[in-house]
Amino acid sequence: YRWGRSGDLPVVGDWDGDGTQTVGVVRPDAARDSNRFLLRNGDGSVLDFWYGRHGDRLLVGDWNGDGTWTPAAVRNGVWSLRNSNSSGGADTTVTFGRAGDRYLAGDWDGDGDFTPGVHRAGTFWLRNSAGSGPSELKVRFGRTTDHGYVGDWNGNGTWTPAAVRAGVWSMRNSNSTGAADTTVVVVKFD
């Protein structure tokens, strides 16, 4: 089905804690210097709220382990985490990463809480807590020019790295340096 309009940023998450991920969009608004979140719950209702500033890097995750995914706005390594899907200020602020990093969010240790991570030149830097400080996990995976992504590739509750190059996804099932556990080739059909 169609959801959103041109210029919206797509997001996916469990907005109501029912265990099912559904779609949403974020609509940046320069005039308001904010971002409008429109998140579709499994029952068809829509959460509509404003969060972050225009130009922030936006992520979603379960920051407090309650089963509900909520927004994060990241600007120059400062993460502003919100624990509800409503307008308001950050519930937690974390300093992690630097400008130019690819900001990532995931559950690196399988405890149910999402925490910050970054991808920089073939290395994933991951924290297991929502506190400021250095990375607790450093995973070298892929080449320096690969695009870094994360996900729970094997369904065990722990999010791990993927390196994407020329339509080939190479995925690890652990947060350790090593060879890919799974490789998927994406073929485009016209």
**OP:** Could you please find all residues in the stretch 41-64 being within 17 Å of Ala90 (Cβ to Cβ) and in a loop (DSSP other than H, G, I, E, B)?
**Re:** Tyr51, Gly52, Arg53, His54, Gly55, Asp56, Asp62, Trp63, Asn64
**OP:** For the stretch 18-33, state whether one or more residues are within 15 Å of Thr70 (Cβ to Cβ), of a type in the set (A, V, I, L, M, F, W, C), open to solvent by less than 40 Å² (accessible area, probe 1.4 Å) and in a loop (DSSP other than H, G, I, E, B).
**Re:** no
**OP:** Please go through the stretch 64-82 and pick out each residue that is without any contact (Cβ under 8 Å) to a residue 40 or more places away in the chain, over 16 Å from Asp33 (Cα atoms) and surrounded by fewer than 21 Cβ atoms within 10 Å (Cβ to Cβ).
**Re:** Asn76, Gly77, Val78
Subject >> Test result for Thr145, open to solvent by 50 Å² or more (accessible area, probe 1.4 Å) and of a type in the set (S, T, N, Q) >> reply: yes
Original post:
What pairs come up if the first residue lies in the stretch 47-63 and is at positive phi, the second is open to solvent by 40 Å² or more (accessible area, probe 1.4 Å) and assigned to a strand (DSSP E or B), and their beta carbons are under 8 Å apart, counting only those six or more places apart or on different chains?
Top reply: Gly55/Pro28; Gly55/Arg75
**OP:** Hey, can you tell me all the residues within the stretch 50-62 that are surrounded by fewer than 18 Cβ atoms within 10 Å (Cβ to Cβ) and over 14 Å from Val74 (Cα atoms)?
**Re:** Trp50
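Can you tell me which residue within the stretch 177-190, out of those that are open to solvent by 50 Å² or more (accessible area, probe 1.4 Å) and in a loop (DSSP other than H, G, I, E, B), is modelled with the lowest pLDDT? Don't jump to the end; show me each part of the working.
In the first step, residues of the stretch 177-190 are kept if they are open to solvent by 50 Å² or more (accessible area, probe 1.4 Å); the result is 177, 179, 181-190.
Applying the additional criterion that residues be in a loop (DSSP other than H, G, I, E, B) yields 177, 179, 181, 186-190.
On the way: Thr177: 92, Ala179: 94, Asp181: 94, Val186: 82, Val187: 72, Lys188: 67, Phe189: 65, Asp190: 62.
So, considering only residues that are open to solvent by 50 Å² or more (accessible area, probe 1.4 Å) and in a loop (DSSP other than H, G, I, E, B), the one modelled with the lowest pLDDT is Asp190.
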Original post:
Give me the pairs: first residue in the stretch 14-37 and within 18 Å of Trp50 (Cα to Cα) and among the small types (Gly, Ala, Ser), second residue open to solvent by less than 50 Å² (accessible area, probe 1.4 Å) and assigned to a loop (DSSP other than H, G, I, E, B), beta-carbon distance under 7 Å, and six or more apart or on different chains, which are they?
Top reply: Gly24/Trp15; Ser34/Gly52
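The values are calculated or read from the model by the stated rules, or taken from the named source; none is laboratory data. Just so it is clear, the model here is predicted, and its values are computed rather than measured. Quick reminder, even Gly has a Cβ in these numbers, built from the backbone with ideal geometry, and neighbours come from all protein chains shown. The area values use the complete protein model at the heavy-atom level, side chains included, leaving out ligands, DNA and RNA. Shrake-Rupley method; radii C 1.70, N 1.55, O 1.52, S 1.80 Å.
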